[in-house]
Amino acid sequence: MSEIDKKAIDKTESDSVTNKVISRRDVLKAGVLGLAGTVIAPGAANATRLALPDMGAFDISFRNLHTGDMFRGTYRVGNKYLPDAFDEINYVLRDFRVGEDFPMDPRTIDILYLISQKAETNWPFEILSAYRSPKTNAMLQRASDGVADNSLHMTGQAMDIRMPGFSTRRLRDVAQSLRAGGVGYYPNSNFVHIDTGKRRYW
């Protein structure tokens, strides 16, 4: 973990992020590392780039509080994202209100991974909200003043999270220490918002 902590997290970039992916079949055929991949991550203007080690397997676990669905496993090997894992991740993080899933920005999962490393815990995250369809976002806007017109939830770039046994204040502090994307603190609702947009805190 200490090496990961020392890795620089790049400042907000205006260009698109290119992420490489390989299938689990390719991992078995080619020995995990060193393969060329194709892009699956949606590039976003003004989005934060993350620097992670380029070797080893990256594991994460989280549960959708609304559906009970859970992902636990490897989502990335070195600098390659695993499409099969993201098929599951996108389903778990779907908009349950309309039954619609959407390609999540893999960097949101990288941020979760870095938070779990800095928090030194393997407890699964609890996900209150991830992808939101425009229909759901509009409905939530009518019910609350805190929902943005152009919410990054609608582009798969945001999640609202908490962690069992970890206060949301501490979770916020850890997320802000990454200096990556947006971090919102909602103590009354007991969750922290993270996203891969511009670096900002509220």
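The values are calculated or read from the model by the stated rules, or taken from the named source; none is laboratory data. Here the structure is a predicted model, which is why all the values come from computation and not from measurement. For neighbour counting, all protein chains shown are included, and Cβ atoms are generated from backbone atoms with ideal geometry for every residue, glycine included.
Considering only residues that are of a type in the set (Gly, Ala, Ser), modelled with pLDDT of 85 or more and farther than 18 Å from Asp84 by Cβ, which ones fall in segment 43-70?
Gly56, Gly68
So Ile115 passes all but one of these: (1) among the hydrophobic types (A, V, I, L, M, F, W, C); (2) assigned to a helix (DSSP H, G or I); (3) in contact with a strand residue (DSSP E or B) (Cβ under 6 Å, 6 or more places away or on another chain); (4) in contact (Cβ under 8 Å) with a residue 24 or more places away in the chain. Which condition number does it fail?
Ile115 satisfies every listed condition except (3).
Just to be sure, is Tyr113 surrounded by 16 or more Cβ atoms within 10 Å (Cβ to Cβ), among the aromatic types (Phe, Trp, Tyr) and within 27 Å of Gly78 (Cβ to Cβ)?
In short, yes.
Quick check on my filter: what residues within segment 120-163 are in contact (Cβ under 8 Å) with a residue 40 or more places away in the chain, touching a Phe, Trp or Tyr at 6+ places or on another chain (Cβ under 6 Å) and either assigned to a strand (DSSP E or B) or surrounded by fewer than 20 Cβ atoms within 10 Å (Cβ to Cβ) (or both)?
Across segment 120-163, the qualifying residues are Pro124, Phe125, Ile127, Leu128, Ile161, Met163.
Among the candidates Ile89, Ile40, single out the residue that is modelled with pLDDT under 80 and touching a Pro at 6+ places or on another chain (Cβ under 9 Å).
Working: Ile89 fails: modelled with pLDDT under 80.
Criteria check complete, one pass: Ile40.
Return the only residue of Arg97, Arg107, Arg72 being exposed (fewer than 15 other Cβ atoms within 10 Å of the Cβ) and within 19 Å of Ser151 (Cα to Cα).
It is Arg97.
When residues of segment 47-105 are filtered for being assigned to a strand (DSSP E or B), closer than 19 Å to Leu178 by Cβ and of a type in the set (Lys, Arg), how many remain?
The qualifying residues number 1.
Would you check which residues across segment 87-100 are closer than 23 Å to Val192 by Cβ and either in contact with a helix residue (DSSP H, G or I) (Cβ under 7 Å, 6 or more places away or on another chain) or β-branched (Val, Ile, Thr) (or both) and list them?
Scanning segment 87-100 gives Ile89, Val92, Asp95, Arg97.
Looking only at segment 186-201, how many residues end up being within 18 Å of Leu114 (Cα to Cα) and in contact with a helix residue (DSSP H, G or I) (Cβ under 7 Å, 6 or more places away or on another chain)?
Qualifying residue count for the region: 7.
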